[in-house]
Amino acid sequence: TCPQCHRSASLDQRGLRGFQRNRLLETIVQRYQQGRAAAAAAKCQLCDRSPAEPAAVLCEQCEVLYCSSCQLRCHPARGPFAKHRLVPPPGQPGAPGGDGKGAGGGRKAPTCAEHDLENYSMYCVSCRSPVCFQCLEEGRHSKHDVKALGAVWKQHKAQLSQALNGVSDKAKEAKEFLVQLKNLLQQIQENGLDYEACLVAQCDALVDALTRQKAKLLTKVTKEREHKLKVVWDQINHCTLKLRQSTGLMEYCLEVIKENDPSGFLQISDALIKRVQVSQEQWVKGALEPKVSAEFDLTLDSEPLLQSIHQLDFIQMKFPVTVPPVPLLQLEKCCTRNNSVTLAWRMPPLSHNPVEGYILELDDGDGGQFREVYVGKETLCTIDGLHFNSTYNARVKAFNSSGVGPYSKTVILQTSDVAWFTFDPSSAHRDIVLSNDNQTATCNSYDDRVVLGTAAFSKGVHYWELHVDRYDNHPDPAFGIARINVVKDMMLGKDDKAWAMYVDNNRSWFMHCNSHTNRTEGGVSKGATVGVLLDLNKHNLTFYINGQQQGPLAFENIEGVFMPALSLNRNVQVSLLQFS
């Protein structure tokens with residue numbers, strides 16, 4: 001039984017050769033081997049080195065293989081070679097014949113396994129295998145349901161393509177799910193560290209509280225001990241004094257009793273007897289008993305606390321939903337660049353209340369009222385188009401179904417004093433080619449394409465210069481400003497989102513909404529410098545070529561947020577020189 005198609009087959013006199021061959025897999029293997037051999041054999045045909053470098057491209061018009069260095073030296077993408085089509089060499093992905101019509105496309109049509117001289121022409125639906133005409137006439141397929149081989153082939157290809165679409169969708173979902181899981185891993189790691197830190201802090205707080213209580217209890221024990229010692233010492237001193245007095249009286253009385261003079265004895269006996277009686281009365285009942293005991297009547301009941309410590313554990317329960325707590329601004333991730341600010345925040349650890357989104361507020365940069373600039377679920381936000389040399393205050397709050405939580409602390413962010421920007425690859429037309437750290441722009445197309453700068457201006461006076469590095473065949477590059485949603489597949493200034501000056505080698509024109517005005521003599525060539533002066537305080541725009549102003553004020557009454565803009569085709573290359 002075949003492990004792939006689960007069909008049973010019996011061996012005949014041909015042995016293993018009698019099994020149905022997987023011709024499709026054979027073809028794929030053969031095409032792969034031929035492609036590797038062709039790729040290994042594809043060498044540059046113009047290299048002076050020995051051995052020659054591997055070929056990087058094939059010119060379909062010249063029919064010559066070039067390595068990278070020889071292609072730049074001998075076949076530049078300009079002049080008469082500009083319209084030549086360069087493709088990968090044979091055997092590499094994207095090369096001609098890579099779809100099976102090249103090296104493997106001319107292979108011999110497979111013949112029937114039972115009739116070597118017959119090609120497959122039909123498909124037996126019952127046996128699910130291709131058959132030839134002779135199989136239908138003589139063999140076991142004569143009474144089976146058969147269809148044209150080409151029709152079934154197209155039908156099955158369509159079914160496979162449709163099934164692949166479903167698999168492709170699932171693969172896309174799986175990739176997104178993997179990204180989600182990886183983000184979940186990072187979030188679990190971060191939350192785990194936060195919870196560990198919080199747990200250590202809580203346990204340290206318990207230990208600190210126990211230490212403070214321990215100090216209080218020790219103070220009580222010390223006071224009780226000092227009190228008992230004082231009482232005993234006082235009793236010792238008092239008893240010692242009484243004992244000394246009684247001992248002296250007893251010794252005196254013994255000396256008196258030894259005397260043999262009756263008259264002398266009787267003279268003092270009455271007084272002496274009274275002194276002895278008084279001394280005896282001083283030893284009242286309890287005088288010879290300690291006033292305090294050696295035992296301390298202090299018992300520490302620690303059993304409930306020990307039981308609570310042993311029962312100390314995490315609780316897992318659903319808390320009543322209330323408004324979210326105060327978000328924590330991540331100051332190490334908050335920053336400014338030019339006239340844009342980036343803010344990041346997170347919720348505090350052990351926060352049980354769900355968060356549905358955040359509201360970020362920013363003032364006007366001049367101490368004015370706050371306004372909402374972002375509402376969403378992200379915890380990182382960049383706001384563009386702010387004023388240069390301004391101080392902004394920002395704050396954020398979270399919300400859920402129960403309401404809006406309190407504001408975070410206010411963070412103060414200072415925008416740059418002077419604008420600094422490059423060309424923006426993320427918003428440029430796909431035909432735009434950027435280099436030199438995105439400070440040099442050209443194009444792959446003969447049509448004009450637009451590229452914007454990375455800075456946005458809404459206030460102040462700004463000036464920048466551009467250097468014409470290359471200028472071939474008298475194109476019409478356009479320089480100016482535009483809004484973010486400007487149309488990028490035509491000359492700058494043809495729509496209502498851009499204000500520009502376009503220029504050839506002799507003259508220049510101002511253009512907005514496809515309206516051409518102020519024709520001025522003086523064009524550009526290789527090495528020329530074009531200046532753009534945007535005064536948003538006076539709301540006007542002025543252009544310069546090699547330091548000379550082109551006509552009067554180009555445009556007036558300009559208000560809003562604008563970005564430096566440029567349109568050009570493949571005959572022009574422009575670089576940013578300076579900005580202020």
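Assorted remarks:
- Pairs from Lys377/Lys409; Lys220/Lys291; Lys83/Lys175; Lys175/Lys494; Lys172/Lys377 whose Cα-Cα separation, in the structure shown, is over 30 Å: Lys83/Lys175; Lys175/Lys494
- Span-like helix ranges in the chain, DSSP H, alpha carbon extent 27 angstrom or more, Kyte mean at least -0.5: 149-257, 262-282
- Note on segment 185-283: Cα convex hull, mean projected area over all directions, 9.1 nm².
- Straight-line cross-link partners of Lys459 among the aspartates and glutamates, defined as a Cα under 18 Å from its Cα and at least 8 positions apart when in the same chain: Asp363, Asp364, Asp366, Asp384, Asp417, Asp535, Glu556, Glu559.
- Surface accessible to a 1.4 Å probe, per residue, for the residues of the chain, Å²: 65
- Computed with a 1.4 Å probe over protein heavy atoms only, the accessible area of His352 comes to about 100 Å².
- Entry note, segment 328-414: relative contact order of 31 percent, from Cα contacts under 8 Å with a spacing of 6+ residues.
- Net charge dipole size for segment 432-577 [Lys, Arg +1 and Asp, Glu -1 on Cβ; Debye, nearest 20]: 80
- Over all other residues within a Cβ to Cβ distance under 11 Å of Met490, the charged ones net out to -1, with Lys and Arg as +1 and Asp and Glu as -1.
- With N the number of residues in segment 328-414, Rg(Cα) / (2.2 N^0.38 Å) evaluates to 1.08.
- Reduced Cα scattering model of segment 120-314, Debye log10 I(q)/I(0), q = 0.17, 0.18 Å⁻¹: -1.16, -1.21
- Modelled FRET efficiency - R0 35 Å, Lys409 with Glu173, Cβ distances, 0.05 increments: 0.30
- Label point 7 Å beyond Cα of Leu24 along Cβ direction - residues of segment 123-159 with amide nitrogen under 18 Å: 123-131, 147-159
- Overall, the accessible surface of the chain at a probe of 1.4 angstrom is composed of carbon and sulfur to the extent of 54 percent.
- Each stretch of four or more DSSP H residues adds -39500 (n - 2.57); spread over every residue of the chain, this sum gives -10500 deg cm²/dmol at 222 nm.
- Residue pairs exceeding 25 angstrom between C-alpha atoms, taken from Lys497/Lys526; Lys497/Lys538; Lys333/Lys397: Lys497/Lys526.
- Solution diffusion estimate, µm²/s, Stokes-Einstein, segment 23-90, Kirkwood Rh from C-alpha pairs, 10 °C, viscosity 1.306 mPa s: 122
- The chain pair-distance distribution - Cα-Cα, 20 Å bins, rounded %: 12, 22, 24, 18, 9, 6, 5, 3, 0
- Segment 480-554-segment 164-203 distance, computed between alpha-carbon centres (Å): 50
- Relative compactness, segment 432-577, computed as alpha-carbon Rg over 2.2 N^0.38 Å: 0.93
- Cα-based radius of gyration of segment 359-496 once divided by 2.2 N^0.38 Å, which approximates compact folds: 1.36
- Hypothetical label at Glu224: residues of segment 284-304 whose amide nitrogen lies under 12 Å (7 Å Cα-Cβ projection): 293-301
- Relative contact order for the chain, counting Cα pairs under 8 Å that sit 6 or more residues apart, in percent: 8
- Sequence-separation-based contact order of segment 109-191, relative, with Cα cut under 8 Å and 6+ spacing, percent: 19
- Computed with every protein chain present, the accessible area of Cys239 is close to 50 Å² [probe 1.4 Å].
The values are calculated or read from the model by the stated rules, or taken from the named source; none is laboratory data. The shown structure was predicted, so the numbers you read here are calculated from the model rather than taken from an experiment. Virtual Cβ from ideal backbone geometry, glycine too; neighbours counted across all protein chains shown. These accessible areas exclude ligands, DNA and RNA; they are computed on the full protein's heavy atoms, side chains included. Shrake-Rupley method; radii C 1.70, N 1.55, O 1.52, S 1.80 Å.
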